[in-house]
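This report refers to the structure that appears directly beneath it.
The values are calculated or read from the model by the stated rules, or taken from the named source; none is laboratory data. The structure displayed is predicted, hence computed values, not measured ones. Counting neighbours? That spans all protein chains shown, and the Cβs are built from the backbone with ideal geometry, glycine included. The accessibility values were calculated without ligands, DNA or RNA, using every heavy atom of the protein model including side chains. Shrake-Rupley method; radii C 1.70, N 1.55, O 1.52, S 1.80 Å.
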Amino acid sequence: MELHDHGLASDLEMMRRQAAERRQVLRWLLAGAATLPLISCGGGSDAGTTAAGNGASAGTLATPATGACTVIPEETGGPYPADGTNTHGGSIINVLSQSGVVRGDIRASFNGATGVAAGVPLTIELQLLNASGGCASLAGYAVYLWHCDRDGLYSLYSSGVTAQNYLRGVQETDSTGNLSFTTIFPGCYAGRMPHVHLEVYPSLARAASASNRIKTSQFTFPMATLNEAYAASGYTASVRNLAQISYASDNVFSDGTRLQMATVTGNATDGYVATLVIAVNG
């Protein structure tokens, strides 16, 4: 496997330079903003509800009022984390050390790899809250997210895609604890309900090492969405595999999905938007 020489540190330096430029632009804009009226954005979502929708337009999750929230369950990272905690083919696999891993669109491979994952478009919107701090939003935290492709294969591990690193990426939360990824709807492979993996880190800089993660978990999608998405081209195997598994028999979701069920809008033609509020002890 090819070694990569820049990693997260190089990405952070580039992002710092871009942030400085954006701050200068904001100073110019704010100088004339005092006379403009304030605009309030609202609307939220119940992480256990499936919403019907006709498009795939995305928005920012609303920050809930201060109060009590429940920490998302700790789950296994599975055998394909690519975060430096396991090996494959005798080599340690660590995508977090690869230059370009900090990105919002995770459909394509990066840092020299050229494959692109095909499938129904999916936008994943997450918001991090501090369960030990009155459910306040967690700004400046980071999420490493990964999942299988529509054939149920994991980049860097599965036969045929070991040279790819697609469907993996890191994003930093904004001032309201929100972040998003552009990806494809994951397939269903034998023995597991469809799911997405994630690791939460206290900062973008600390996301360079899996030893700094404060939460590892997974989330899934409503059955109605799964049935609709898998009717699309390329998901034939997922239809067969989904018919042989359920939330109740899944080894991760059998104890309940209330905190790990994404809200989904959209359709298989235009794409889906999946949203989930995630509480951790910040």
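Suppose all protein chains stay in the model; what accessible area per residue would a 1.4 Å probe give for segment 95-244, in Å²?
31
Please give the Cα centre distance for segment 131-163 versus segment 205-278, rounded to the nearest Å.
Here the two parts' Cα centres lie 12 Å apart.
Tabulate in residue order the Karplus-calculated ³J(HN,Hα) for segment 83-98, using 6.51 cos²θ - 1.76 cosθ + 1.60 with θ = phi - 60°, rounded to whole Hz; enter x for Gly and Pro.
10, x, 9, 8, 10, 8, x, x, 10, 6, 10, 9, 5, 5, 8, 8
Of the DSSP beta bridges with both residues in segment 85-179, give the percent that are antiparallel, rounding to the nearest 5.
Beta bridges within segment 85-179, antiparallel portion: roughly 90 percent.
For segment 211-282, which whole-number percentage of the solvent-accessible area (1.4 Å probe, protein heavy atoms only) is attributable to carbon and sulfur atoms?
Carbon and sulfur: 48 percent of the exposed surface of segment 211-282.
Under the Karplus relation 6.51 cos²θ - 1.76 cosθ + 1.60, θ = phi - 60°, what is the ordered set of whole-Hz ³J(HN,Hα) values for segment 192-201, x standing for Gly and Pro?
9, 5, x, 7, 10, 8, 8, 10, 9, 10
Please list the equivalent ellipsoid semi-axes of segment 191-282, computed as the square roots of five times the alpha-carbon gyration tensor eigenvalues, in descending order and whole angstrom.
27, 16, 13
Which percent of the accessible heavy-atom area of segment 61-157 goes to carbon and sulfur, probe 1.4 angstrom?
Exposed carbon and sulfur together represent 51 percent of the surface.
First check a/c for segment 73-151, with a ≥ b ≥ c the square roots of the eigenvalues of its C-alpha gyration tensor; if it is under 1.5, answer rounded, and if not, answer prolate when a/b is larger than b/c or oblate otherwise.
prolate
Take the Cα atoms of segment 145-229, build their convex hull, and give its volume per residue in Å³.
Convex hull volume per residue, Cα atoms: 123 Å³.
List every residue whose amide H lies under 5 Å from the amide H of S132, counting only residues 5 or more places away in sequence or on a different chain, with H placed 1.01 Å from N in the peptide plane.
G282
How large is ³J(HN,Hα) for each residue in segment 159-171, as worked out from phi by the Karplus curve 6.51 cos²θ - 1.76 cosθ + 1.60 (θ = phi - 60°), to whole Hz, x for Gly and Pro?
The phi angles translate into 4, x, 10, 5, 8, 9, 10, 5, 6, 9, x, 10, 9 Hz.
Starting at 0 and stepping by 5 Å, how many percent of the alpha carbon pairs of segment 128-277 end up in each bin?
With 5 Å bins starting at 0, P(r) equals 2, 9, 16, 21, 21, 16, 10, 5, 1, 0.
If packing is taken as the average count of other Cβ atoms within 10 Å, what order do 78-85, 148-155 fall into, highest mean first?
148-155, 78-85
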